[in-house]
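Below is one structure, written out as structure tokens; the observations come after it.
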């Protein structure tokens, strides 16, 4: 991640109020440059984490994850075998008696009227880095859930802690909310999650979010991530170029450790699986020369360009390609803000996403269209109209899925019962896209991921004269099936 605007959903982010700060200003902060690059890899703080071993060396917190979480604190001692699976929940309270055989009858009989479900909601909204969309979308969803009967009658109560993106702040939020005895923690966005996740796990509190913000939660037995993992965002470009009959491309990227690791650990093997050779064109993020980058790609005789970039990078790269007359396919990662900025110059380019947005609702099922319209109405009524096409879709859609999973719990709603419900959720409706598969490991190298879907879009002039995204092929695919992993 590398600037104040990220390659997801077309949101323009920078100031604490969520406004666009400008491309030049956005590149000044090292923290923001790091954050935006990671977003360009599918909203994960370490995209290379999907490749198991290759990226581990770049993440010092990974050792703590192995020692403190997987074996000692959660999997064997506190939760998996002793407290949950055999004794407290699987046989006695939930799995056989209450849920498995008589689920239809029991679910209808659950009445939690008068109960309160206290959850911790952490979001990065500091002076230097603020993404309030990851909070507002969730708050609007939670308010709607409460206004419409809650979780079988129980009201959701949020304990909000605003973190500034530093490890110290992440730890402070974790300690404060653990002390408040929350049932589970929801991360709108917490880019310093590595510093605090062991605290959540040791307290037996599930960690839930839309995406991974660090390495540990990608494979923690106590975390669940409702959107697609980083690896899915390498499959979109690789499969697209392969389908177009292209086998030699340039990958234009900003020079950062995370970016280089992502291409080496994930991008390269996925491209190789599709029989694609690539030329690496690396750009200095502090002083990018996009014209030179495109010229380098052209000189190499490539048949297409994949820009694995931040939103400002996509604007620069796509703009330079258009200005140079480059007429071969350009895949602008998961960026979308470049489309309204460049207008007609963006036509013909490709991009990707793991959900639908209101602006792409025409390609969704009637049910999802209705849910997108409802979301847009609720966000507008709450005063967050500017957030509708941005990051707010992630927490909103995640919370509507959380609602469905929590409603399956028969018995006290505790950290243990929430973990059990997510691990055994099965196929859960995807509010804005393909269904979730929490607990089924749809992307095995990221066991906490709840789906493995990606859709590719091509920018075109629509019938009404506007420039926007058009769905490519049959729509969402199971990216893992095309990854080669």
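Between region 348-366 and region 257-273, how far is it from one alpha carbon centroid to the other, in angstrom?
Result: 26 Å between the Cα centres.
Please order 330, 116, 418 by the number of other Cβ within 10 Å, starting at the fewest.
Going from sparsest to densest Cβ surroundings: 116, 418, 330.
Can you tell me the length gained on complete extension of the stretch residue 116 to residue 175, counting 0.36 nm per residue apart and subtracting the Cα distance?
Full extension of this stretch gives 19.1 nm more.
For a footprinting-style exposure proxy, rank 227, 274 by other Cβ within 10 Å, fewest first.
Fewest-to-most Cβ neighbours within 10 Å comes out as 274, 227.
Using alpha carbon centroids, what distance separates region 202-246 and region 409-485, in Å?
10 Å
Give me the extension gain from residue 381 to residue 280: residue separation times 0.36 nm, minus the current Cα-Cα distance, reported in nm with one decimal.
In short, 31.7 nm is gained.
Among 233, 207, rank each residue by its count of other Cβ atoms within 10 Å, from fewest to most, as a rough exposure measure.
Fewest-to-most Cβ neighbours within 10 Å comes out as 207, 233.
Quick one: which of 380-387, 473-480 comes out on top by average Cβ neighbours within 10 Å, and what's the full order, highest first?
Ranked from most to least packed, the peptides come out as 473-480, 380-387.
With just the Cα atoms defining each centre, how far is region 284-327 from region 119-189? Give it in Å.
Taking the Cα centre of each part, region 284-327 and region 119-189 sit 39 Å apart.
Between residue 295 and residue 146, what FRET efficiency comes out of the Förster formula 1/(1 + (r/R0)^6) with R0 = 45 Å and r the beta carbon distance, rounded to 0.05?
For R0 = 45 Å, the calculated efficiency reads 0.20.
Work out, in µm²/s and without decimals, the Stokes-Einstein translational diffusion coefficient of region 275-398 at 25 °C, 0.890 mPa s, Rh from Kirkwood over C-alpha pairs.
Roughly 151 µm²/s, to the nearest whole number.
If you wrap a convex hull around the alpha carbons of region 167-227, what volume per residue comes out, as a whole number of Å³?
Spread over its residues, the Cα hull of region 167-227 gives 68 Å³ apiece.
Here, each number is a calculation from the coordinates, and none is a lab measurement. Just so it is clear, the structure is predicted and the values come from calculations on it, not from any experiment. Positions of Cβ are backbone-derived with ideal geometry, glycine not excepted, and every protein chain shown enters the neighbour counts.
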